[in-house]
1. Taking the residues in the stretch 147-174 that are surrounded by 12 or more Cβ atoms within 10 Å (Cβ to Cβ) and without any contact (Cβ under 8 Å) to a residue 12 or more places away in the chain as candidates, determine which candidate is farthest from the chain's Cα centre (by Cα).
2. List the pairs whose first member sits in the stretch 19-41 and is free of Cβ contacts under 8 Å to residues at least 60 places away in the same chain, whose second member is among the polar types (S, T, N, Q) and in a loop (DSSP other than H, G, I, E, B), and whose Cβ atoms are under 8 Å apart, counting only residues at least 6 apart or on separate chains?
3. Can you tell me which condition Glu66 does not meet? The list is (1) under 22 Å from Gln143 (Cβ atoms); (2) surrounded by 15 or more Cβ atoms within 10 Å (Cβ to Cβ); (3) at pLDDT below 95, and all the others hold.
4. Can you tell me which residues in the stretch 109-135 are open to solvent by 10 Å² or more (accessible area, probe 1.4 Å) and either among the hydrophobic types (A, V, I, L, M, F, W, C) or closer than 24 Å to Leu155 by Cα (or both)?
5. Among (1) open to solvent by less than 20 Å² (accessible area, probe 1.4 Å); (2) outside any helix (DSSP H, G or I), which single condition is Ala90 missing?
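The values are calculated or read from the model by the stated rules, or taken from the named source; none is laboratory data. What you see is a predicted model; the values in this text were computed from it and never measured. Reconstructed Cβ throughout: ideal geometry from the backbone, glycine too, with neighbour counts over all protein chains shown. These accessible areas exclude ligands, DNA and RNA; they are computed on the full protein's heavy atoms, side chains included. Shrake-Rupley method; radii C 1.70, N 1.55, O 1.52, S 1.80 Å.
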Amino acid sequence: MLSAKIKEATKTPHQEVEKKVVAKIKTIRNEADYADLLKHFYAYFNAVEQVIAPYITTAVLPDLAERRNASYIRADIEALGGTVDELPFATAPEVNNTVQALGALYVLEGSIMGGPYIVKMLQKGGLTKGFSFFSGYGEASGQKWGEFTAVLDALAKNEEDEKQALQAAHETFARFGDVFGTVNHPKVTTL
């Protein structure tokens, strides 16, 4: 199953992003700090959503309208009194087809599973609002993840499809980590 292959192949970049996010969470002392963390998520999710939009439609993912997206992050930022001005630099992965788009979306949708842990960490620090994004789908998170991975697993028809999805997921993790790090990769253009 492709979703299991992606999980295994992206274990290292996933852990690297997780470390950066947790380190940033540990520096949060107030709502402004939390809004700053969310700006990192918003900048990246918004960038990725723009490049996958032409390929991820309701024909591919029937419950697309119910899925979490950058608008939830923006709402949380605004609930904390912040704005989406002055966002950190974010570069989306290269996406040229539906298989690559689903590989990238694997990373965004997968963040649902870690959201409740982030909420608990933030609540321990005294924060009480701005959790619509990290709360994911609530009780339905596992079900929604299963529905997404079923679509991903069914779409990859051959080794080339799997290779493209794996590469897109890996690049998505790596560039997400860049949003939290000091190194930003320039946008790669092809002739």
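1. Lys163
2. Taking only residues 6 or more apart or on different chains, the pairs are Asp33/Thr27.
3. (2)
4. Residues satisfying the conditions are Gly110, Ser111, Met113, Ile118, Val119, Met121, Leu127, Phe131.
5. In the conditions (1) open to solvent by less than 20 Å² (accessible area, probe 1.4 Å); (2) outside any helix (DSSP H, G or I), Ala90 misses (1) alone.
Each row is one residue, and each column tells you yes or no for (1) closer than 29 Å to Glu147 by Cβ; (2) basic (Lys, Arg); (3) open to solvent by 60 Å² or more (accessible area, probe 1.4 Å); (4) outside any helix (DSSP H, G or I).
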| site | (1), (2), (3), (4) |
| --- | --- |
| Lys24 | no, yes, no, no |
| Ala32 | no, no, yes, no |
| Ala43 | yes, no, no, no |
| Asn46 | yes, no, no, no |
| Glu49 | yes, no, no, no |
| Ile56 | yes, no, no, yes |
| Arg74 | yes, yes, yes, no |
| Thr83 | no, no, yes, yes |
